[in-house]
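Have a look at the structure below before the remarks.
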Amino acid sequence: MNSSLKLALVGGGQMGRALVAGMLAAKTLQSEGIRLVEPNPESCSWWADHHGDIAITDLATAVAEADVVVLALKPYIMATVAKQKPQFWDGKLVLSVAAGIGLESLIEWIGHGRVVRVMPNTPALVGAGASGYCCAAAVTDADRDTAQTLLGAVGIAVEVAESQMDAVTAVSGSGPAYVCLLVESLADGGVLAGLPRPLAMQLATQTVLGTAKMIAETGRHPGELKDSVASPGGTTIAALASLEHNGFRGTVIEAVAAAAKRSRELGKS
Ligand SMILES: NC(=O)C1=CN([C@@H]2O[C@H](COP(=O)(O)OP(=O)(O)OC[C@H]3O[C@@H](n4cnc5c(N)ncnc54)[C@H](O)[C@@H]3O)[C@@H](O)[C@H]2O)C=CC1
Ligand SMILES: O=C(O)[C@@H]1CCC=N1
C-alpha cells in the first residue's frame, strides 16, 4: 500500500491521536493525506500544535476526500454520527475502533458492508500497539490488506472472530491501563523502600518493558521465567507469596472479565 492513501479520522481524541501518530511515524500515511473531524476546540488546538499540517474540516468534506474512514468516537456518539448521513460513507472503507459496537449495527448505520471493527490500543502511539480486528462479509481482499497494513504499521494486528472482540477489548484494548497501574504501583513500592521517585519510575518502567520483550522474544512461558527469578528463600518468593496471599492473579482475571462484560453492555446500549 502506498503512503498516498487518503484517510479521514473522525474523532481526534486519545485513540485517534495514537493511531495517526504511529501511522505517520511508520510513513504509512502522510499528513497531506489526512483529514480530521474534531468539534472540540481544545482538541483542535492540540492537533494544531502537534500536527499543524493535518487539515481539520467538516465530516462531509473529510469523508468525501478519503479512501478510508476511521471512526474513533465514543461508543454512545457513534450511532448519531454514523447514521446521520449514510450517503457520506458510499464507496469508503470504514474502520470503527469503538468498544462494544458490533459489525451488524455499523453496517446498518453506514448503509454498506465495507466495515472493519477494530480494537487497537494506545501503545500504537509508539509503534508498539496490539490490535484485534474483524471484517464484515462485504470487505474485499484489498480492504483487508489496507486494514492490516494500517494497523500493522503501529504494532501487531490480528484478525479475529467477532465473537472474540469483547475479550480482545478486555485484554489488549484496556490492558495498557492495567500495566500503567502496575508500573505506578511498582514505583510507589520503590519509593516506600527508599528510592527517589524518578529512579523508581525508571527502574519500574524498564522492568516491565524488558520482561515483556523477554517473554515475546524467548517464547518461554511467563511461569517459567517467573520461576527463574525466584531464588530459594530469596526476595522474589517473599514478594510472590505476598501477591498470591492478596489475590493478585484472581484480581487481574476478574478485572479482565469485568472489562469484557462492560464491552458487551456497550454493544447493547
Ligand atoms: N483510549 C483507548 O485506549 C482506546 C479507545 N478505544 C475506543 O476509541 C474510541 C474513542 O476513544 P478515546 O479516543 O479514548 O476518546 P476521546 O474522548 O479521547 O476521543 C473522542 C473524540 O471524539 C470527538 N468527538 C465528539 N463528537 C464528535 C463528532 N460528532 N464528530 C467528530 N468527533 C467528535 C471528541 O471531541 C474527542 O476528541 C472509543 O469508542 C473507545 O472505545 C479503543 C481502544 C483503546
Ligand atoms: O475504556 C474503554 O472503554 C476503551 C476501550 C478500550 C480502552 N478504552
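Listing for the model above:
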item	result
Amide H partners (placed H, <5 Å) of residue 70, local residues excluded	8, 9, 10, 95
For the chain, built as a Gaussian network whose Cα springs stay under 10 Å, the top-fluctuating residue of 56, 253, 107	253
Test item: Cα-centred dipole of the stretch 175-268, Lys/Arg +1 and Asp/Glu -1 on Cβ, debye	340
For the stretch 229-241, 3J(HN,Hα) per residue [Karplus equation, 6.51 cos²θ - 1.76 cosθ + 1.60, θ = phi - 60°, Hz, x = Gly/Pro]	8, 8, 7, x, x, x, 6, 5, 5, 5, 5, 4, 4
Contour excess over end-to-end distance, with Cα ends at residue 268 and residue 221 and 0.36 nm allotted per residue	13.2 nm
Gaussian network model of the chain, Cα within-10 Å springs - most flexible of 49, 145, 166	49
Estimated vicinal HN-Hα couplings, Hz - the stretch 115-128 in sequence order (Karplus 6.51, -1.76, 1.60; Gly, Pro = x)	10, 10, 8, 10, 10, x, 8, 5, x, 3, 3, 10, x, 10
Cα gyration tensor category, rounded, prolate or oblate, for the stretch 45-105 with a/c compared to 1.5	oblate
Debye, to nearest 20: dipole size of the stretch 56-177, +1 on Lys, Arg Cβ, -1 on Asp, Glu Cβ	260
Highest-first arrangement of 97-104, 229-236, 74-81, 258-265, where packing means the average Cβ count within 10 Å	97-104, 258-265, 74-81, 229-236
For the stretch 121-172: rounded, prolate or oblate by the Cα gyration tensor [a/c cutoff 1.5]	oblate
Mean ellipticity per residue at 222 nm, deg cm²/dmol - from DSSP H runs of n ≥ 4 across the chain, formula -39500 (n - 2.57)	-16500 deg cm²/dmol
Added length on full extension, which subtracts the Cα-Cα distance from 0.36 nm per residue, residue 145 to residue 57	28.9 nm
Computed label-point distance, nm, for sites residue 235 and residue 182 using a 7 Å Cα→Cβ extension	1.9
Dipole moment magnitude, nearest 20 debye, the chain about Cα centre, only Lys, Arg, Asp, Glu C-beta charged	240
The chain: projected area of the alpha-carbon convex hull, averaged over directions, in nm²	16.1
Burial order of peptide ranges 243-252, 23-32 (average beta-carbon count within 10 Å, highest first)	23-32, 243-252
Vicinal HN-Hα couplings computed from phi for the stretch 157-172 (Karplus, 6.51 cos²θ - 1.76 cosθ + 1.60; Hz; Gly/Pro x)	9, 10, 7, 10, 6, 4, 4, 9, 5, 5, 6, 4, 4, 6, 8, 9
Cα-based shape type of the stretch 175-268, given that a ≥ b ≥ c are square roots of the gyration tensor eigenvalues and the cut on a/c is 1.5	prolate
Violating pairs (Cα-Cα greater than 27 angstrom) within the set 27/268; 6/213; 213/261; 85/261; 6/83; 6/261	27/268; 6/213; 213/261; 85/261; 6/261
Amide H within-cut-off set for residue 157, under 5 Å, with H built and near neighbours excluded	131
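Each value in this text was obtained by applying a stated rule to the coordinates, not by laboratory testing. Small disclaimer: the values here were computed from a predicted structure and weren't measured. A quick note on method: Cβ atoms are made from the backbone with ideal geometry, for glycine too, and the neighbour counts reach across all protein chains shown.
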